[in-house]
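Read-outs: derived from the displayed coordinates by stated rules, not from any lab. Keep in mind the model is a prediction, meaning the values are calculated, not measured. Don't worry about glycine lacking a Cβ; one is built from the backbone with ideal geometry, like all the others, and counts go over all protein chains shown.
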Amino acid sequence: MGEAIGIEARKLHAVEELESKVRSYSRSFPAVFSRARGSIMLTENGRQMVDFFSGAGALNYGHNNHAIKVAVTEYLSSDAMIHGLDMATPAKIEFMETFNSFVLESRGMRYRYQFTGPTGANAIEGALKLARKVTGRQNIISFTRGYHGLSLGAIAATGNRFYRKVSGVSLSGTTFMPYDGYLGPGVDTAEYVRKLLMDGGSGIDAPAAILVETVQGEGGINVASKEWLQSIQAIAKDVGAVFIVDDIQMGSGRTGEFFSFEFAALSPDVIVLSKSLSGYGLPLSMLLIREELDVWEPGEHTGTFRGNNLALVSATAAINAYWRCPSFSEEVRRMGALLLDRLEAIASEHGNGFSVRGRGMAVGFDCRKTELAAATARRAFERGLIVERCGPDDQVVKFFPALTIDLETLNQGLEIFEKSLIETLTGVRSNNC
Ligand SMILES: *Cc1c(COP(=O)(O)O)cnc(C)c1O
């Protein structure tokens, strides 16, 4: 064991020597991860870690999910098309037909598919470009604490100063409006948005699009209400803007339904999906475009790795395994309620003004203080739990277990979190006196 730890330390040292300083998660989670299954990750020195991070939301069905793995390995061993730009392939056709049957048609939805480059950011760029082309306008309305990715167009619509300032150029073409709850519980920010966008004298240019997350993931698990989302959609319609839901992180089941906006009965003009769309951690992003808005000329938004066939195969397998009947959705909501209840109990027991918010299996534990959240996450890592932080000051501990996690593992992770929090609180107190 001592020797194994020595090997891991040497490998981590190699990462420090060889990889750019830009690396980030290898700092938060300093271990060498070699294998994983479901909600357990294994480090090179044999430690088992409970995963409440799920690849930042790219692993909703857990690591190496068996049902999906079978489809992936069969496809790989058959010499089927892996790369073909956006040529027609059986993998792509099967994906679109399966998604049509079990996701769109069963919800009364009808959209065209656009496969963009593999990152969420590239899909956002495509959506913004399309909205500007459709409307002939430039301005994009996005929201305080929104996160949409780190290419220039996407950063321009992202609130976080840390990411904005490193872009090195002026970020233009967007106007930020206050998200639901941003000005406190007494203020309906949708009314404010309506006033400014309907008023020809407000100084805000007529928008090409309103771009919104239904729950802000990176922004701190801020949950928008049904009424607020419906108002924002209505405003978009009234001002002639394309209504875009960024469902990259909260879609693919995270909030308990396939799309995070189903509870509010929204019908977005454009839906952006990525992260857990492939179901296996493989890169795949797409736009769902209302047919009337599909005004692209051939090749206007292109890229080498659009609609990667292996990722389309895993995406199809994920839909077949989890979305053909409503039981999975019900199970996610049930587990999400357990997670929320348990965290609320921990928050009220340990005081300190902690608060808990979330929907489905996306839950944030707001520690209010950055150092407290940081120390708790660090202690949790030492005790065998991978958990990330979010929010403008990284003060929120983000609970993102796989949607497929079993109750025992969920409880195991929650116990580690609670112990780590208590240890941090007592440590913080004794440091103070
Ligand atoms: C992760 C994320 C993105 C960006 O996706 P990348 O693949 O990292 O470019 C955009 N929007 C939301 C809501 C995200 O969570």
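Distance from the alpha carbon centroid of segment 190-229 to that of segment 156-173 works out to 19 angstrom. Peptides 286-297, 244-255 ranked from most to least packed by the mean count of surrounding Cβ atoms within 10 Å: 244-255, 286-297. Placing dummy labels 7 Å off each Cα toward the beta-carbon, the span from Met198 to Leu407 is 5.0 nm. Could you please report the charge total around Arg23, scoring K, R as +1 and D, E as -1 over all other residues with beta-carbon less than 14 angstrom from its beta-carbon? Here the charged neighbours net out to 0.
Between Glu191 and Glu105, the FRET efficiency from the beta-carbon distance, with R0 = 60 Å, is close to 0.95.
With the charge dipole of the chain set up from +1 on Lys and Arg Cβ and -1 on Asp and Glu Cβ about the Cα centre, the Cα lying farthest toward the positive end among the listed residues Ile68, His13, Thr376 is that of His13. The slack in the chain from Asp238 to Thr73, taken as 0.36 nm per residue of separation less the alpha-carbon distance, amounts to 54.5 nm.
Rounded to the nearest 500, what is the 222 nm mean residue ellipticity of the chain from helices alone, with -39500 (n - 2.57) per DSSP H run of 4+ residues and division by all residues? Result for the chain: -12500 deg cm²/dmol, rounded to the nearest 500. For segment 67-322, the Kirkwood radius over C-alpha pairs fed into Stokes-Einstein at 20 °C and 1.002 mPa s yields D = 114 µm² per second. For segment 370-433 and segment 174-189, compute the distance between their C-alpha centroids and round to whole Å. Segment 370-433 and segment 174-189 have Cα centres spaced 29 Å from each other. Summarising the label geometry, the points placed 7 Å from Cα in the beta-carbon direction at Thr304 and Phe162 lie 3.1 nm from one another. Applying 1/(1 + (r/R0)^6) with R0 = 22 Å to the Cβ-Cβ distance of Gln138 and Asp294, what FRET efficiency is obtained, to the nearest 0.05? So the FRET efficiency works out to roughly 0.60. In percent, rounded to a whole number, the relative contact order of the chain is 22, using alpha-carbon pairs under 8 Å and six or more apart. Once both labels are positioned 7 Å from their Cα atoms along Cα-to-Cβ, the gap between Ser151 and Ser225 label points is 3.7 nm. With just the Cα atoms defining each centre, how far is segment 255-301 from segment 25-45? Give it in Å. Comparing the Cα centres of segment 255-301 and segment 25-45, I get a distance of 30 Å.
Treating each Cα of the chain as an identical point scatterer and summing with the Debye formula, the log10 of I(q)/I(0) at q = 0.11, 0.12, 0.13 Å⁻¹ comes to -0.88, -1.05, -1.23.
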